[in-house]
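Asks: One structure, as structure tokens, below. Some questions next.
The values are calculated or read from the model by the stated rules, or taken from the named source; none is laboratory data. Nothing here was measured: the structure is a model prediction, and the numbers come from that model. Cβ placement follows ideal geometry from the backbone for every residue including glycine, while neighbour counts extend to all protein chains displayed.
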Amino acid sequence: MKKLIILLFILICSLTVYAADGVLINAGETEKQEKHVSEIGFRLLNANGIPTRAIFILDNSREINAYCSNFNRSIVICRGIYTRCESDDELAAIIGHEISHSVDSYKGLFRGAISYLNSWVTPRKYEYKADKRAVDYMVNAGYNPVAMIIVMNKNFPQKRYEVFSTHPLSTRRMMEVYEYIYKKYPEYLANNKYRNNPYYQNFLLTSQENRAKFQEKIKTNSTKKIRYK
Ligand SMILES: [Zn+2]
């Protein structure tokens, strides 16, 4: 009987240690991920000499989303999008886009308190601007901007119409990013390390018509803005 009690005691002790370890492992993993988001965020801020402050939060929401808070300008990355990023390049694309919104939140009256009204009036204009600025931020901080197309193609759904939406159609956003990289940082497409990435391959497949329009524009030296589909 005495032996049985000792055995039970040892068993309970080892289970407790296991459970404590389990919690510690998860907590450690969460801290590592939070640090990961912060480090990429601050690297983007510093490499681009961005003089306005921002902090980065990894939120536990499973939503495939990221945003910049109007209230305190925190940049929030939801775990849903974080876990779907497969490289630092992809995560830098998401964070860089939100940094652009954060920079704009400092502009205008009352320390930028009403700046968000601009993005309410012309939200899609600010989305394109944030995508392009994020490409610059990425390149300056040593990230590969082609990953922006990859992270968009993998995660952003395709609405039928954009007229009631704050965001442009995903196909349009990807083409605008593609065109921007093509013109400003062509080396990333000429020597594309993501050429065989399945999400990039899928972009090539689904953007054939749009890319043909773009090629035509280059061939004819046209400066006309293309309305992508
Ligand atoms: Zn945005």
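Asks: Kindly indicate the residue of region 97-117 that is of a type outside the set (D, E, K, R) and within 13 Å of the ligand (Cβ to nearest atom) and also surrounded by the fewest Cβ atoms within 10 Å (Cβ to Cβ) among those meeting that condition.
Replies: 116
Asks: Can you pull out the residues in region 35-60 that are surrounded by fewer than 16 Cβ atoms within 10 Å (Cβ to Cβ) and either in contact with an Asp or Glu (Cβ under 6 Å, 6 or more places away or on another chain) or charged (D, E, K, R) (or both)?
Replies: 35, 39, 53
Asks: Additional query: Can you tell me which residue in region 181-221 is modelled with the lowest pLDDT, limited to those that are surrounded by fewer than 11 Cβ atoms within 10 Å (Cβ to Cβ) and assigned to a loop (DSSP other than H, G, I, E, B)?
Replies: Residue satisfying both the conditions and the ranking: 221.
Asks: Another question, then. Just give me the residues in region 157-168 being within 14 Å of the ligand (Cβ to nearest atom) and either outside any loop (DSSP other than H, G, I, E, B) or of a type outside the set (Ser, Thr, Tyr) (or both), in sequence order.
Replies: Selection gives 162, 167, 168.
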